[in-house]
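A.B. asks: Starting off with a structure, shown below.
Where a number appears in this text, it was derived from the coordinates with a stated rule and is not lab data. These figures come from a predicted structure and were not determined experimentally. For neighbour counting, all protein chains shown are included, and Cβ atoms are generated from backbone atoms with ideal geometry for every residue, glycine included.
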Amino acid sequence: MTSTSQRFKLVDAFAQSSYSGNVAGVVFDADDLTERQMQLIAAEFNASETTFVLKPTTRDAALRFRWFTPGCEVKFCGHATIGAVHALIEEGRFAGAFDEPGTIIPIETKSGIITVRVEKPLTAGGNATIWIDTPHSEPMDTPVNLPPLLKHLGINMDAVDLRLKPIRTHDEDLHFAVKSLPVLFEMKPDMGGVIEYCKRAGNLRGVFVTCLQTVSASTVVQSRFFAPNAGVDEDPVTGSAHGPLGLNLVNCGIVSMINGRADFHCAQGKAGGRAGLVRVIVTDAGDGKKHVRVGGCCITTASGTLDRLPADVGGGQMFKGC
């Protein structure tokens, strides 16, 4: 083991109050950490994702993020992105973000450079909304074969709501809808079966299940996300999934655009557990294309230092890739 004073925070993202939403680990100044050490730290935190903040390798970005689940590295994560930006603002970075609502923060990632914007609170003491311009929200042109998956979720095709088109996303998630909240909340997946399905389907990251029935009239959909193939049996709130979801809701006519814009809220949460709220904006970008932005609020619940780093022994990736 190696002594250190590596600083970190734990942040609840897409949260309306503490200990809701989805917790993200944020590790600052991570440039001296190896990939193996990042993976072991993420496994120690056991949050669905941990962001490691690094110096950019290009002048086009303000900083660089890498995201790890407890089991592997992922190319994009929504909640850990807004959680990390929130933590950096608390640390005094991007001090002008609140004073300049148009400020754009470019972040280098394995999905390319993504842009984040900060919307200052409407009231004193309120929480800022942090927005991500989501990359690759358009679905992949890949057929979705649901029946082999449904048996592992304990449901059949009669429960599937085809008003919302099943899709596969560029984050390698499979999206589909069910007809009722009881079906959604009572689902108890066979995680081993879901892993087997995801691997056979080309190493999917996870399965995002949505319902057009909602707990609150202020939201458009209620969702759950299962990603055991990425080391996360169920993710409380998945920001990256809501870009493709928002676009799919508009494309399928579930949500209407008015004057080239749709602005709505989506809910996600574990049955009987943590839940959060994601705001989605879809705008007409011209040339038949649409732009999607997802946003939410964050609350820091813990901060401290890693007093000892894991040893970098053995080299390479410790866990099987997502």
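A.B. asks: Taking 0.36 nm per intervening residue step and subtracting the Cα-Cα distance, what contour gain separates Asp161 from Lys55 on full extension?
C.D. replies: The Asp161-Lys55 span can extend by a further 33.7 nm.
A.B. asks: With Cβ to Cβ distances under 11 Å as the rule, what net charge do the other residues near Met257 carry (K, R +1; D, E -1)?
C.D. replies: 0
A.B. asks: Next up: Determine the relative contact order of region 147-295: mean sequence separation of Cα pairs under 8 Å and six or more apart, normalised by residue count, in whole percent.
C.D. replies: Computed value for region 147-295: 18 percent relative contact order.
A.B. asks: So which of Lys151/Lys290; Lys199/Lys289; Lys110/Lys151; Lys75/Lys179; Lys165/Lys199 end up more than 27 Å apart, counting from Cα to Cα? Intermediate results must be reported in sequence, preceding the final value.
C.D. replies: Details: Lys151/Lys290 35 Å; Lys199/Lys289 31 Å; Lys110/Lys151 34 Å; Lys75/Lys179 31 Å; Lys165/Lys199 22 Å.
Beyond 27 Å: Lys151/Lys290; Lys199/Lys289; Lys110/Lys151; Lys75/Lys179.
A.B. asks: At 222 nm, what helix-only mean residue ellipticity would the chain give, in deg cm²/dmol to the nearest 500, using -39500 (n - 2.57) for each DSSP H run of four or more?
C.D. replies: Here the helix-only value at 222 nm equals -5500 deg cm²/dmol.
A.B. asks: Quick one: which of 179-189, 66-76 comes out on top by average Cβ neighbours within 10 Å, and what's the full order, highest first?
C.D. replies: On the way: 179-189: 15.5, 66-76: 22.8.
Going from most to least packed, we get 66-76, 179-189.
A.B. asks: Val74: net charge of surrounding residues, Cβ under 12 Å, Lys/Arg +1, Asp/Glu -1, itself excluded?
C.D. replies: -2
A.B. asks: With charges set only on the Cβ (+1 for Lys and Arg, -1 for Asp and Glu), what does the dipole of region 147-295 come to about its Cα centre, in debye to the nearest 20?
C.D. replies: My answer is approximately 160 debye.
A.B. asks: Now, a different point. Looking at the chain as a GNM with Cα springs under 10 Å, which of Gly288, Gly78, Gly231 has the largest mean-square fluctuation?
C.D. replies: Fluctuation is largest for Gly288.
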